[in-house]
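The values are calculated or read from the model by the stated rules, or taken from the named source; none is laboratory data. Everything quoted here is computed from the prediction, not taken from an experiment. Please note: Cβ atoms are built from the backbone with ideal geometry, for glycine as well, and neighbour counts cover all protein chains shown.
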Amino acid sequence: MSPRSAAVNEELRRRSRERLLQATVELVDERGYEATTLADIANRAGAARGLVSYYFPGKRQLLQAAVHRLMHVELASRLEREPRTRDGRELLARGIDAILGLAHRRPRLMRTHMAGILTAEGFIQCPEQQRLAALLRGTVASYGSADPEGDYRLLRAQLMGAVVAILLPGAPMPAERLRAELFQRYGLAWELGFPPGDEPPPPGL
């Protein structure tokens, strides 16, 4: 049997990494961060325990990469959903809805992710984060930004703040209200994207 080509080996590595990332998302969503071990993740992914350490220096880095991949996949899916469009305002609305939607549907996972970013480890650069950044930057550019990099960073900060506000224990903000504020900031009509209702919430809700 001839040895596998470099391209085949690279594809196998990519698939192994993605299985680990998907397993991390599933387990932390189901059990929480502390109750999920690296061995659990390896078992769910059908991989050797040592493979986790080969790709990631620790559990926190693995979680950030996993959530960034989830955010990238969700954002790409929303941006490409039918009807396809190149309208920058519609794309930005879809992007905002994609991120806020994850906070609404996966609160445990996203709360754990945000808590990790706010700890000593901070914001970890990884290939998954870079793909997410490129997609958001492209969305901002489609919206008509003259400074896509700067405006991407501002949008990222605003989305992170909105996600924290949605997930804040004991004092959560309604996602609809935060969506309305972001849409107003960017001059987006409520019906763009994937609105949670026919009308925006009344002021003060």
* To do: Kindly indicate whether any position in the range 85-97 is farther than 23 Å from MET160 by Cα, modelled with pLDDT of 95 or more and either part of a helix (DSSP H, G or I) or not basic (Lys, Arg) (or both).
  => yes
* Collect the residues in the range 141-171 that are small (Gly, Ala, Ser) and exposed (fewer than 15 other Cβ atoms within 10 Å of the Cβ), keeping them in residue-number order. => GLY144, ALA146, GLY150, ALA157, GLY161, GLY170, ALA171
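Conditions (1) under 14 Å from the mean Cα position of the chain (by Cα); (2) under 22 Å from GLY88 (Cα atoms), marked per residue:
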residue: ARG105; (1), (2): yes, no
residue: MET110; (1), (2): yes, no
residue: GLN130; (1), (2): yes, yes
residue: ALA134; (1), (2): yes, yes
residue: LEU154; (1), (2): no, yes
residue: MET173; (1), (2): no, no
residue: LEU178; (1), (2): no, yes
residue: GLU191; (1), (2): no, yes
* Give the residue, chosen from ALA23, ALA6, that is buried (at least 18 other Cβ atoms within 10 Å of the Cβ) and aliphatic (A, V, I, L, M). => ALA23
* **Output for the range 66-82, where each listed residue is within 12 Å of the chain's Cα centre (by Cα) and without any contact (Cβ under 8 Å) to a residue 12 or more places away in the chain** => VAL73
* Structure fact -> Note on ALA115: of the conditions (1) surrounded by fewer than 18 Cβ atoms within 10 Å (Cβ to Cβ); (2) modelled with pLDDT of 95 or more; (3) of a type in the set (A, V, I, L, M); (4) closer than 21 Å to ARG31 by Cα, unmet is (2)
* Report, by residue number, each residue of the range 25-64 that is assigned to a helix (DSSP H, G or I), touching an Asp or Glu at 6+ places or on another chain (Cβ under 9 Å) and within 16 Å of ARG108 (Cα to Cα). => LEU27, ARG31, ARG60, GLN64
* Asked: Take the residues of the range 170-192 that are out of contact with any Lys or Arg (no Cβ under 9 Å at 6 or more places or on another chain) and in a loop (DSSP other than H, G, I, E, B): which is nearest to SER142 (Cα to Cα)?
  -> GLU191
* To do: Tell me, please, whether a residue that is more than 30 Å from PHE56 (Cα to Cα), outside any helix (DSSP H, G or I) and modelled with pLDDT of 95 or more can be found in the range 126-144.
  => yes
